[in-house]
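This report refers to the structure that appears directly beneath it.
The values are calculated or read from the model by the stated rules, or taken from the named source; none is laboratory data. Because the structure is predicted, anything quoted here is derived from the model rather than measured. Glycine also receives a Cβ, built like all others from the backbone with ideal geometry; neighbour counts cover every protein chain displayed.
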């Protein structure tokens, strides 16, 4: 399973803002949370950049990386 930091972060951010707009969570609490913890977003993005290789294509149609053996052709 691939690490998908940005989509998960966007979903969490959207849900948090939606809860604030609906009045379920007070907006002051949301502002305080983001004001306190926004540097964690930078740490997460930096960690994702370190963990995911640059230029690595993970789609099946892309050529294999140099450290991976070539895919075997199936029966014809």
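Remarks
- The residues in region 44-67 that are at pLDDT 75 or above and surrounded by 10 or more Cβ atoms within 10 Å (Cβ to Cβ) can be counted, and the count is 6.
- Residue match in region 14-21 (condition: touching a helix residue (DSSP H, G or I) at 6+ places or on another chain (Cβ under 8 Å), surrounded by 12 or more Cβ atoms within 10 Å (Cβ to Cβ), at pLDDT 85 or above and in a loop (DSSP other than H, G, I, E, B)): no
- For residue 28: the one exception among (1) at pLDDT 85 or above; (2) surrounded by 10 or more Cβ atoms within 10 Å (Cβ to Cβ): (2)
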